[in-house]
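Shown next, in structure tokens, is the structure this report addresses.
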Amino acid sequence: MLNRIKMELLNLGLKFMNIDEKIVRMILETKPSNINEIVILPAVKIFMKKILNKLQNKKVYGRIYNGLLNGVKVSVNRSLVGCPNAAMAMECFKRSNVKIVIRVDFCGGIGLDNNSINIGEVLIPKLSYCGDGTSPYYIINHSELQNQLMSIPNPISKVQEINTGNQMVYSSKPDDKLTELLFSEATSILSKRSKAVDFWTTDALFCETDDFINSLKSLEVQGIDMENSILFLLGQLYNLRVASVLSVSDLPGDPKYDMLKSNSIHPDMEKGINDAIKIMISALPKIKALLIE
């Protein structure tokens, strides 16, 4: 009887909501109007905790934390790891007042013969190849994207036959102006410890074999993550400015600092986390100016 009453009350409340508000409440546990125009979007706990420690005038609305960073009104939301989670967050932002999304988080680094990557460095993505499983569904459902996005044969096909998964891989790009602001700030603060590079986004953290990493090197990819591709893709699709500032936490394929092969933690990893957050916060007043363009 009690469960039936609860269900009837829930259905009564839903009658006064449109579909967009229902989706936002279901995923972010708040109403769309509680989300600010600028959203900071970490995925992992350590970034979320450090950012919230710096957030002033904090107010909590479900999974949304509102407050001030460097005098700029922002919302902070932890998307959790992976493209499906990032896509659900972006679907909510589309249905609210959000105009700018800045991802601040970890990534893996892939060094090339002529350009090394070190743990603790900050990488700003110039593009991300959609090696994930979520982006293709959006590209299928929005056929216009197929003519707007660059695509290449899956590079793993150079070393093994592909019997399943993506035969062709599209790439998505962050917002140009937002990326330029973040990279300019990174260069000013860190000098040579920041780079603007191409990324690969994957769902399969535990499938980063040597053949896979070498196939990415053939594309001169130097960053690997689990969210960029869908964030950039939906930013383009939904007319949201999206960019990322990421600190290198591990080096896939490296015998000492590959997360899946070693227990060693590099002493510069903590510095990289702090640097990425510092860059984002320092750039916020300039980023705010993009809201009026």
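The values are calculated or read from the model by the stated rules, or taken from the named source; none is laboratory data. Remember, predicted model here, so these are calculated numbers, not experimental data. Cβ placement follows ideal geometry from the backbone for every residue including glycine, while neighbour counts extend to all protein chains displayed.
The rows are residues; the columns are (1) under 30 Å from residue 265 (Cβ atoms); (2) small (Gly, Ala, Ser).
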| residue | (1), (2) |
| --- | --- |
| 114 | yes, no |
| 120 | yes, yes |
| 131 | yes, yes |
| 152 | no, no |
| 157 | no, yes |
Inside segment 81-159, counting only strands (runs of 3 or more DSSP E) that do not spill past its ends, which hold 1 or more residues that are of a type in the set (S, T, N, Q)?
122-131, 151-153
When you look at residue 184, is it touching a helix residue (DSSP H, G or I) at 6+ places or on another chain (Cβ under 9 Å) and outside any helix (DSSP H, G or I), yes or no?
no
Lone qualifier among 75, 79 - being of a type outside the set (D, E, K, R), under 21 Å from residue 203 (Cβ atoms) and either crowded, with 21+ Cβ neighbours inside 10 Å or within 12 Å of the chain's Cα centre (by Cα) (or both):
79
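Per-residue answers, yes or no, for (1) small (Gly, Ala, Ser); (2) within 30 Å of residue 55 (Cα to Cα):
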position: 209; (1), (2): no, no
position: 222; (1), (2): no, no
position: 247; (1), (2): yes, yes
position: 260; (1), (2): no, no
position: 263; (1), (2): no, no
position: 266; (1), (2): no, yes
position: 275; (1), (2): no, yes
position: 278; (1), (2): no, yes
position: 289; (1), (2): yes, yes
Are any of the residues in segment 94-105 within 13 Å of the chain's Cα centre (by Cα), of a type in the set (S, T, N, Q) and at pLDDT 95 or above?
no
Against the condition over 20 Å from residue 238 (Cβ atoms), surrounded by fewer than 12 Cβ atoms within 10 Å (Cβ to Cβ) and acidic (Asp, Glu), how does residue 161 come out, does it pass?
yes
Just to be sure before I move on: is residue 6 among the charged types (D, E, K, R) and either at pLDDT 95 or above or under 30 Å from residue 206 (Cβ atoms) (or both) in the structure I sent?
no
With the structure loaded, tell me whether residue 203 is closer than 26 Å to residue 273 by Cα, exposed (fewer than 13 other Cβ atoms within 10 Å of the Cβ) and either modelled with pLDDT under 95 or not polar (S, T, N, Q) (or both) or whether it fails that test.
no
For segment 35-59, which positions are free of Cβ contacts under 8 Å to residues at least 40 places away in the same chain and under 24 Å from residue 84 (Cα atoms)?
45, 48, 49, 52
Considering each of 51, 46 in turn, give the residue that is surrounded by 18 or more Cβ atoms within 10 Å (Cβ to Cβ) and either assigned to a helix (DSSP H, G or I) or out of contact with any helix residue (DSSP H, G or I) (no Cβ under 9 Å at 6 or more places or on another chain) (or both).
51
From the list 172, 244, 215, exactly one residue is touching a helix residue (DSSP H, G or I) at 6+ places or on another chain (Cβ under 6 Å) and modelled with pLDDT under 95. Which is it?
215
Among the residues of segment 86-136 satisfying the criterion of being without any contact (Cβ under 8 Å) to a residue 60 or more places away in the chain and farther than 23 Å from residue 185 by Cα, which is surrounded by the most Cβ atoms within 10 Å (Cβ to Cβ)?
136
Please state which of the following conditions residue 183 fails to meet, knowing it meets all the rest: (1) over 22 Å from residue 100 (Cα atoms); (2) crowded, with 19+ Cβ neighbours inside 10 Å; (3) without any contact (Cβ under 8 Å) to a residue 60 or more places away in the chain; (4) among the hydrophobic types (A, V, I, L, M, F, W, C).
(1)
